[in-house]
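Below you'll find the structure, written out as structure tokens, and then a few comments.
The values are calculated or read from the model by the stated rules, or taken from the named source; none is laboratory data. What you are looking at is a predicted structure, and each value in this text was computed from that prediction instead of being measured. No Cβ is skipped: glycine too gets one built from the backbone with ideal geometry, and neighbour counts run over all protein chains shown. Only protein heavy atoms, including side chains, enter the accessible area calculation; ligands, DNA and RNA are left aside. Shrake-Rupley method; radii C 1.70, N 1.55, O 1.52, S 1.80 Å.
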2 protein chains.
Amino acid sequence: MAKNKHCLLIVDDEPNVCDSVHDLLRREFHVLKAHSAEEGYQLMQQEEVHIVMSDQRMPQITGVELLCRLKSRYPQAVRMLFTGFADLESVIAAINQGHVFQFIRKPWQPEELLAAVRQAALEYDRLELVAREREVLLGEIEGLKNRVTSLESEVHRLRADDHADPVAPSSPVL
Amino acid sequence: MAKNKHCLLIVDDEPNVCDSVHDLLRREFHVLKAHSAEEGYQLMQQEEVHIVMSDQRMPQITGVELLCRLKSRYPQAVRMLFTGFADLESVIAAINQGHVFQFIRKPWQPEELLAAVRQAALEYDRLELVAREREVLLGEIEGLKNRVTSLESEVHRLRADDHADPVAPSSPVL
């Protein structure tokens with residue numbers, strides 16, 4: 001059952017926020033909690049994360065910095081940033097450096113967060129579909145190439161038989 | 001020569017801003033100027049625009065609204081927003097609704113604008129490459145399918161000949 005859910009990672013140094021996001025989303029999403037960027041990296045390595053949601057203000061690193069790093073390593077994960085102290089600089093950095101998909105302010109309304117996360121899941125599916133289609137097309141090409149090779153051998157063999165016949169009509173029939 | 005340049009559309013109700021962007025970028029980019037969203041739409045229809053850059057504050061429509069509309073109609077164009085009166089709401093909307101690639105504040109430093117536009121051009125090329133690769137793969141599949149069909153006919157014809165030979169050795173040779 002949980003396999004069909006999107007996997008969301010929430011990174012926040014405040015355990016309460018992680019817990020409340022977990023409780024709000026756990027029916028629809030497989031929610032992983034990290035209380036530091038370090039824990040977040042570890043979970044990204046262990047699990048296939050579809051959506052990563054980070055607080056902007058954390059002791060060691062900003063959310064934008066974390067999302068930037070994750071972007072280059074896990075480009076398929078859709079990025080969301082939230083903060084209770086929204087300053088213009090961090091939001092502009094979220095666009096220009098982190099290319100985040102959604103920005104959310106604390107405190108959020110439960111429906112608002114749910115709607116934003118659902119939209120992120122749709123975006124993940126859209127990107128995934130594009131990536132999968134490429135795999136499917138490459139697989140189809142591989143199959144067709146094999147078919148061409150085997151048909152070419154068959155044509156070659158039949159032509160050889162064909163030419164052999166009039167010259168040596170007594171050649172053994174296989 | 002202009003054909004190889006990326007085409008950038010600047011939308012701003014202040015003609016001075018359009019002119020200064022034009023003058024700054026014209027050596028590297030093919031720059032189109034629109035003084036209203038309406039003019040912008042018209043130019044988007046007439047030309048293949050790669051990067052669209054809009055001011056947030058315009059008389060009829062906000063930049064975010066314009067970029068949102070363009071996003072659904074011309075998803076391949078990379079979107080940039082700029083404003084001299086950056087308020088948090090408009091920047092958050094730029095992320096959540098317009099999914100803009102770069103946000104720039106007026107007044108900008110020429111190098112800053114140039115760097116942002118160059119990055120947008122790279123992003124356009126990246127997306128274009130993905131789209132083009134799909135076309136190439138589909139073309140390859142089409143070609144391989146035709147080859148399979150023609151080889152199958154050839155095999156069919158040769159087998160028919162092959163079977164015909166022993167039964168009717170006097171059948172006419174083509």
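Data table
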read-out: Lone qualifier among A:59, A:15 - being closer than 21 Å to residue A:114 by Cα, over 16 Å from the mean Cα position of the chain (by Cα) and of a type outside the set (Val, Ile, Thr); value: A:15
read-out: Residues of the stretch B:100-128 satisfying the condition of being open to solvent by 70 Å² or more (accessible area, probe 1.4 Å), under 23 Å from residue B:65 (Cα atoms) and more than 13 Å from every other protein chain (Cβ to nearest Cβ); value: B:107
read-out: Residue in the stretch A:91-102 that is modelled with pLDDT under 95, under 24 Å from residue B:89 (Cα atoms) and out of contact with any strand residue (DSSP E or B) (no Cβ under 8 Å at 6 or more places or on another chain) present; value: yes
read-out: Residues of the stretch B:80-94 that turn out to be open to solvent by less than 10 Å² (accessible area, probe 1.4 Å) and either within 7 Å of another protein chain (Cβ to nearest Cβ) or part of a helix (DSSP H, G or I) (or both), as a count; value: 3
read-out: Qualifying strands (runs of 3 or more DSSP E) (wholly inside the stretch A:3-74; at least 1 residues being open to solvent by 40 Å² or more (accessible area, probe 1.4 Å) and at pLDDT 95 or above); value: A:29-34
read-out: Residue tally, condition open to solvent by less than 60 Å² (accessible area, probe 1.4 Å) and out of contact with any helix residue (DSSP H, G or I) (no Cβ under 8 Å at 6 or more places or on another chain), over the stretch B:129-146; value: 3
read-out: Every residue from the stretch B:95-112 that is within 14 Å of residue B:52 (Cβ to Cβ), in contact with a helix residue (DSSP H, G or I) (Cβ under 6 Å, 6 or more places away or on another chain) and assigned to a loop (DSSP other than H, G, I, E, B); value: B:98, B:100, B:101
read-out: Residue satisfying condition, being modelled with pLDDT of 95 or more, in a helix (DSSP H, G or I) and farther than 30 Å from residue A:83 by Cβ, within set B:136, B:117, B:130; value: B:136
read-out: Pairs with Cβ under 7 Å, 6+ apart, first in the stretch A:85-114 and within 19 Å of residue B:87 (Cβ to Cβ), second of a type in the set (Lys, Arg) and surrounded by fewer than 21 Cβ atoms within 10 Å (Cβ to Cβ); value: A:85/A:57; A:86/A:105
read-out: Number of positions in the stretch B:126-144 that are among the acidic types (Asp, Glu) and in contact (Cβ under 8 Å) with a residue 40 or more places away in the chain; value: 1
